[in-house]
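Just so it is clear, none of the values below were taken in a lab; they were calculated from the coordinates. All of these numbers come straight from a predicted model, not from anything done at the bench. Methodologically, a virtual Cβ is constructed for each residue, glycine included, from the backbone with ideal geometry; neighbour enumeration extends over all protein chains shown.
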Amino acid sequence: MDRPPPPPGYGGRRAPDQDAAYDARRAGSIRPLREIERGVMPRMAGASYLGPEFDAGSSTYRLKFMRGGSVIWVDVDGRTGAIIGRSGQ
């Protein structure tokens with residue numbers, strides 16, 4: 001499958017986790033990232049969202065947040081959207 005080109009001015013290649021997430025989403029094996037984020041964000045009131053990581057081996061997203069100088073990681077099953085773990089305060 002052809003991927004859309006990187007944005008103008010982007011000097012490098014996409015990260016492998018981005019490629020894996022893109023391919024899994026296109027295949028229908030995981031939910032869209034925006035849907036995952038919408039399910040988690042309301043539970044993270046007062047925290048700043050710093051972005052996602054994707055693990056293709058387990059089809060999980062790890063969303064990173066910052067609150068009061070502490071990093072919070074929220075692990076989400078990419079297939080179901082269910083929160084499966086959390087670390088940090």
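Remarks
- The residues in region 53-62 that are touching a strand residue (DSSP E or B) at 6+ places or on another chain (Cβ under 6 Å) and buried (at least 16 other Cβ atoms within 10 Å of the Cβ) can be counted, and the count is 4.
- The residues of region 63-86 that are part of a strand (DSSP E or B), over 13 Å from the mean Cα position of the chain (by Cα) and either crowded, with 17+ Cβ neighbours inside 10 Å or in contact (Cβ under 8 Å) with a residue 24 or more places away in the chain (or both), listed by number, are 72, 84.
- Region 15-38, subset surrounded by 15 or more Cβ atoms within 10 Å (Cβ to Cβ) and not aliphatic (A, V, I, L, M), residue nearest to residue 63 (Cα to Cα): 37
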